[in-house]
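Here the structure comes first, spelled out in structure tokens, and everything after it is commentary.
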Amino acid sequence: MDFGYLPGQQVLKDVSFAVKPGQKIALVGYNGSGKTTLVKLLLRLYDPDGGKICYHGRDIRDYQVMAYRRSIGSVFQDFKLYAATLKENVLMDAADGSREESFRVEQALYDAHFTLEDNRLSYQIETPLTTEFEKDGVNLSGGEAQKVAIARTLYRKQNMIIMDEPSSALDPLAEYRLNQELNEIARDKTVIFISHRLSTVRDADCIYMMENGRIVESGTHEALLAEDGKYAAMWKVQAGLYT
């Protein structure tokens, strides 16, 4: 698969890989290597210039665009929380007020390891977030906010989740713990995620190292370290953060 934002300026070149249902796939590499562009293509925000992307064996261009996008959950590093209730921030839609809806929201938050028992959540899922319009609104920490963003995806029960460094604002230890939790949360789902911090990708079923728009190495964490190539070099540079 090839892609360029402008004619004659390729960003992705000869990118090819397969993902099996239930796998956890990590995309790593330095800034500008093409990781985020690849994710945008997987979500069909753009179409490739050459080659194709298949979902269940079918070219994604053959699906109705919105139906295809609704089948995939996504969490990006620039996710937002809004001046609305916790429930509405999970729904991202008008609430119907039913008990079933509230139960599903609570279940999604629980699955995302968001703690409803927090003393600040006076009205549980009806608690207003931010103080923009409510003086008693709650401002969540970076980690708590990220769990709400994950809950949005879990509420919709998509079988595939794509994440582009949603926890980049966290310190390495907090990010590692959060990703460990996510592995448990999404154990029956297919997950494709980007991370600059290699501590978060160690347990991935397959890691793809990207450079200059190409996949230059692939394998498990242990296999790539044994190759002593570009991934291993990146790991050695970052290793001091994890010890």
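The values are calculated or read from the model by the stated rules, or taken from the named source; none is laboratory data. Since the structure is predicted, the reported quantities are computational estimates derived from the model, not experimental observations. Reconstructed Cβ throughout: ideal geometry from the backbone, glycine too, with neighbour counts over all protein chains shown. These area figures cover heavy atoms from the full protein model, side chains too; ligands, DNA and RNA do not enter into them. Shrake-Rupley method; radii C 1.70, N 1.55, O 1.52, S 1.80 Å.
Label points 7 Å out from Cα along the Cβ direction at residue 17 and residue 130: separation in nm?
Output for this residue pair reads 3.4 nm.
Tally Lys and Arg at +1 and Asp and Glu at -1 over the other residues with C-beta under 12 Å from the C-beta of residue 45: what net charge comes out?
+1
Can you say what percent of the DSSP beta bridges in the chain, counting only those with both residues inside, are antiparallel? Round to 5.
Among the beta bridges of the chain, antiparallel pairing accounts for roughly 35 percent.
If one computes the Cα centroid of segment 16-72 and of segment 73-118, what distance in Å separates the two points?
26
Using a 7 Å offset from the Cα along the Cα-to-Cβ direction at both residue 82 and residue 66, what is the distance between the two label points in nm, to one decimal?
Rounded to a tenth, the inter-label distance reads 1.6 nm.
Share of antiparallel DSSP beta bridges in segment 37-170, in percent to the nearest 5?
Expressed as a percentage, antiparallel bridges in segment 37-170 total about 35.
Can you give me the distance in nm between label points at residue 101 and residue 188, each placed 7 Å from the Cα along the Cα-to-Cβ direction?
About 2.5 nm separates the two model spin labels.
Among all the lysines, which ones have a C-alpha under 27 Å from residue 147's C-alpha, if same-chain residues fewer than 8 places away are not counted?
Output for residue 147: 20, 24, 35, 40, 80, 87, 135, 157, 189.
Give the average over all directions of the projected area of the C-alpha convex hull of segment 17-68, one decimal, in nm².
Mean projected area for segment 17-68: 4.3 nm², to one decimal.
I want the local charge near residue 185. Using Cβ-Cβ distances under 10 Å, sum +1 for each Lys or Arg and -1 for each Asp or Glu among the other residues.
Surrounding charge for residue 185 is -1.
Of the GluC sites (Glu not before Pro) in segment 58-162, which ones lie in a loop per DSSP and count no more than 12 other C-beta atoms within 10 Å?
117, 132
When the convex hull of the C-alpha atoms of the chain is computed, what volume per residue in Å³ does it have?
Spelled out: Cα convex hull of the chain, divided by residues, is 145 Å³.
Over all alpha-carbon pairs of segment 45-116, lay out the pair-distance distribution in 5 Å bins, whole %, shortest bin first.
Using 5 Å bins, I get a P(r) of 3, 11, 17, 19, 14, 12, 12, 8, 3, 1 for segment 45-116.
Take the chain, mark every one of the trypsin sites (Lys or Arg not before Pro) that falls in a DSSP loop and has at most 14 other Cβ within 10 Å, then report the longest stretch left between them, sites excluded.
For trypsin sites (Lys or Arg not before Pro) (loop position, at most 14 other Cβ atoms within 10 Å), the longest site-free span of the chain is 188-243.
Leaving out ligands and nucleic acids, note down the accessible area per residue over the chain with a 1.4 angstrom probe, in whole Å².
Value for the chain: 53 Å² per residue.
Could you rank 66, 210, 160 by how accessible they are, 1.4 Å probe, largest area first?
Ranked list, largest accessible area first: 66, 160, 210.
On a 1.4 Å probe surface of the protein chains, which of 195, 102, 74 comes out largest in accessible area, and what is the full order?
74, 102, 195
Can you work out the base-10 log of I(q)/I(0) for segment 60-174 at q = 0.20 1/Å, using the Debye formula on its C-alpha atoms alone?
Results for segment 60-174 at q = 0.20 Å⁻¹ read -1.14.
Using a probe of 1.4 angstrom, how much of the accessible area of segment 1-146 is carbon and sulfur, in percent?
49
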